[in-house]
1. Name the residues in region 664-708 that are aliphatic (A, V, I, L, M), part of a loop (DSSP other than H, G, I, E, B) and either crowded, with 17+ Cβ neighbours inside 10 Å or touching a helix residue (DSSP H, G or I) at 6+ places or on another chain (Cβ under 8 Å) (or both), would you?
2. Which one of these does Cys252 not meet: (1) modelled with pLDDT under 90; (2) surrounded by fewer than 18 Cβ atoms within 10 Å (Cβ to Cβ)?
3. Sort through Tyr907, Tyr901, Tyr888 and tell me the only one that's part of a loop (DSSP other than H, G, I, E, B) and surrounded by 15 or more Cβ atoms within 10 Å (Cβ to Cβ).
4. Looking only at region 419-430, how many residues end up being surrounded by fewer than 18 Cβ atoms within 10 Å (Cβ to Cβ) and either in contact (Cβ under 8 Å) with a residue 24 or more places away in the chain or β-branched (Val, Ile, Thr) (or both)?
5. Just checking, how many residues over region 819-861 are more than 18 Å from Val652 (Cα to Cα), in a helix (DSSP H, G or I) and aliphatic (A, V, I, L, M)?
6. Give me the residue from region 331-363 that is more than 23 Å from the chain's Cα centre (by Cα) and part of a helix (DSSP H, G or I) and, out of that set, surrounded by the most Cβ atoms within 10 Å (Cβ to Cβ).
7. Which ones in region 644-663 are under 22 Å from Pro839 (Cβ atoms) and either in a loop (DSSP other than H, G, I, E, B) or of a type in the set (S, T, N, Q) (or both)?
8. List every residue pair whose Cβ atoms lie under 6 Å apart, where the two residues are 6 or more positions apart in sequence or sit on different chains, the first residue falls within region 781-801 and is in a loop (DSSP other than H, G, I, E, B), and the second residue, located anywhere, is open to solvent by 10 Å² or more (accessible area, probe 1.4 Å).
Amino acid sequence: MQISPSEDKIPVVGSPSSPQGTGEGLYFSDGKRKVDYVLVLHQRRNGSVRSHASATVSHDRLSIVSNGNFPPSAGSDAAGGKGARELLGEPARAGEVFMELGDAGDKEPTEPADHEVCLIRQEFEASLLEAGLELERDKELKTHGPSFTRLHAPWPVLCREAEFLKIKVPTKTSYELKEESGFGSSMSTVWRKMNHPFQPKVPHQEQERTKFLTHCFSRDKLHLYNITSKDTFFDNATRARIVYEILRRTVCVRTCQTIVSTICLVGSHTTAEGLSQRVLVLPQGKNGISTLIAKGVYDDAFPLHDGDYKVIGHLEEKSDRQVLHNEWAKYSAFYKYQPIDLVRKYFGEKIGLYFAWLGVYTQLLIPASIVGIIVFCYGVATVDSDVPSLEMCDGRLNFTMCPLCDGACDFWHLSTACGTARASHLFDNPATVFFAIFMSLWAVLFLEQWKRRQISLSFSWDLTGIEDDEEHPRPKYETILLQKRQRKQKTKKKKKKKNELEKQEDGTVTGKDRWRQKLLSAMTAGIPAAIEKLTWKDRLPGYFINVSSVLFMFGLTFSAVFGVIIYRITVSALMAMSPDPDTKSNVRVTVTATAVIINLVVILILDEIYGAVALWLTELEIPKTETQFEERLILKAFLLKFMNAYAPIFYVAFFKGRFAGRPGSYVYVFNHYRIEECAPGGCLIELCIQLSIIMLGKQLIQNNIFEIGIPKLKKLVRSLKDKGTAEKEMEEERPPKQWNLDYALAPFDGLTPEYMEMIIQFGFVSLFVASFPLAPLFALLNNVIEIRLDAKKFVTELRRPVAVRAKDIGIWYNILSGMGKFSVIINAFVISFTSDFIPRLVYQYMFSPTGTMHGFIDHTLSYFNVSNFKPGTAPHNLEQGSITVCRYKDYREPPWSPDAYSFSKQYWCVLAARLAFVILFQNLVMFLSLIVAWGIPDVPKTIVEQFKREKKLLVDVFLREEKEKFQLIQSLFSKSASHQPGRHEEHPGKGSQLPGRFSTLPPGAEKGLPGDGGGPRARCRAASFSQFTRNVPTSPKNGDENSRHTMV
């Protein structure tokens, strides 16, 4: 590899090593400067950099016309520039560059040479040096494999960027947190002692009763901050964030000049030499490191972990990564609380909020699990005394049921469904209604508790009052915007040429017109172009594709559900025709179990497909910023995955058996397959089976096996692929440096998959919990493992992400709130229409002769005359005269009634009761939810008191500082006045002012100073303390800068 001469400015070292044992590979070669960020360049075997000589010999021709943003290259000439401008018909705009790429015979655009990529990298790193960063790379450049450039931010750069980013830092002032008194204090002490075994062993945790005041960093107030060491004042996560902000905003002009894959052709012309020229209009780069990585200039960029997580030592000697691994990322620590503050310190606020939210959700699943177990145990305890179950199991009642299919199926006795009826009672009992109401209130309680927790964390993490960071446009957005600008310029150029040709034909073009055109072009050359942006018209094709694709995916989901329905119908009919009696008796169980497993497999496959489709559709929308991209991706992915996961459950809950018809008038699919019906015990038991298998299957397979197995499989493939290179590097470099170890880890892809699986689980817990009271228990068991699994993944398997500030969990809270409200309606309809709770109440209080449940089964079964079967639908072995009527579950008039087989009065009574219950349940739960939300304040009382106290203490600190400034300025002015020989003393009664509350100058300062002409002096703000402690330059420019004062 060839090194350009200008790269000599960057320090090049051999094998850097740190003298500190715990910081191996975390420092520059001097062992003092920390490695805050790493840029990675992966050299390919066939990607050797060509020399400038070889590029010169090539027939390709490259000419760049500069507009003043950067020096023109050696290959640019006046002719090329003139041709470009004439071709475009207008001068270059500010921030744009004209490039001409030509070839002798090839009509395709020339690919950028490797040496041009090297020049891009060189320019970018020179800009980083100009920004104040310090760079270091290995002396031996590799012909293949990763090469690393280490970045370090010195103290002045950290101070400058911390002030720009408004990072809050601790001051020297601290205060003790208020402790409760009386009975509350005793209870808090007892609670702390009980919780002590569950607390993680984190260093300096005993200082939690003392809190330091924090304030936005300012270089003029360094004396106020608790700076014990400049190397440790900003932690590693903050340093990495500061360097990332510099990388993100550093402009590299050459990016869009040489990477021609993202630009489109504007025009072409032929030069005097006969070479075909292509002229490209290119904007100034804005996206820094993100654009360079997207274009392949760099392979990746990431901050380093704090050393190895496996090092064992005393607690005081462990790094934050080692503490997190031992106290958080181990499965043996499942019973401990999460060290959320340390997670936030190491990974940033965004990841810290995710794990805090997951912890609150998991903790609140404990009471929900306990109540669900109690409801299930109630069903187990009362199953033997449940009258409807006993009647179904009583063979003496001899309920002869109508066939389950046409022709092949025979009549059957209701007592054969005894097991299904008893199992249904475990989940369909009076306690289910109470549990549904409880879980609806639980969802509200969870959201309110999280709001309180989030505000508490925002206060303790100094997130109150922070402003959203300015976001830069995404590379894809800038590329599309560039293409739009080029199309406009091409249209304008054609229109202008057409007008010129028309004028030439008319003979109206004069020398004066040409002179006026050149003058206008020269005048507009320095005017910046108007800010352009993409409108809805530019995004209309993407929106159209989005809507049509989402509708297609919905159709695909419904088709998968319909396919499983057809499978259930056909397999049921085939098994019913089997001569084996055991096969016939297990038809319903076999079909239900296999169909649910098929549903699970389809859901897992479509989940992966929908994730990729949602990403592709979001790219088509061309969002401007990463936040907009993430929000739109989340909405689409959630919508598709929600429909995929819950469509089979919705079918069983609300559609199965509703439109099947009745004996003699069944509804058929494709004129051959009869619509399936619910089991004799109701559809609730099938809903329970469907929900439990899908929920447990997704948690076991997708959330755990996929998360554990796929990363390990990728790591194994990567290690086998780079085995030879890795062994060679290990021989050359022992032990491997931290940047090599971190580069081997998987990159961090965001929190969207982690949130998504928990949101889908929240739906299983809240939406259909009335059919499966044990859902919170299985969710709790899964989350206990999930927290440690995610922690282990973040600490040991992923590269360290950049610490990102976030005030809340964003759009996920709105999704949770919407699902909580939707769950009230779903549970109301499940209890009303899927379970037998309402029909039992109606029978007991309206139709039962004894006011009990005796006779309920007979009341729910209607009669059918077997002579009314359609030809070909009656059982083949029907013996005439033995069976005249059969029973089926519905509320219809008997065959001897004048309105035979029409809906009976009982049907309309039950339907009215069901609708009334839905309205009553929904309003009752909503009212109770409002009471819960009103009774729990969003901001804890202790936080309000601490916030007021901190505000008062900060005011006192800055008032005391202003007083010290005033006294210092007064003493300086008095000394200056005493050393002036010809100065007359002022009259005591004139010009003398007592220093008051609103005065920031000493007495007599407003009259003027020696050398200012003796005239009245404009009132100025107080100077900062720091400007009197450093050398003040004498230049007027620097003097103006030093006279600035940051107002508080």
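1. Selection gives Ile675, Ala679.
2. Failed condition: (2).
3. Testing whether each residue is part of a loop (DSSP other than H, G, I, E, B) and surrounded by 15 or more Cβ atoms within 10 Å (Cβ to Cβ) leaves just Tyr901.
4. 1
5. Number of matching residues: 7.
6. Ala333
7. Phe655, Lys656, Gly657, Arg658, Phe659, Ala660, Pro663
8. Listed pairs, sorted by first residue: Arg799/Leu745; Arg799/Pro747; Arg799/Phe748; Pro801/Phe748.
The values are calculated or read from the model by the stated rules, or taken from the named source; none is laboratory data. Small disclaimer: the values here were computed from a predicted structure and weren't measured. Every residue, glycine among them, receives a Cβ derived from its backbone with ideal geometry; neighbour counts consider all protein chains shown. For accessibility, only protein heavy atoms count, side chains too; no ligands or nucleic acids. Shrake-Rupley method; radii C 1.70, N 1.55, O 1.52, S 1.80 Å.
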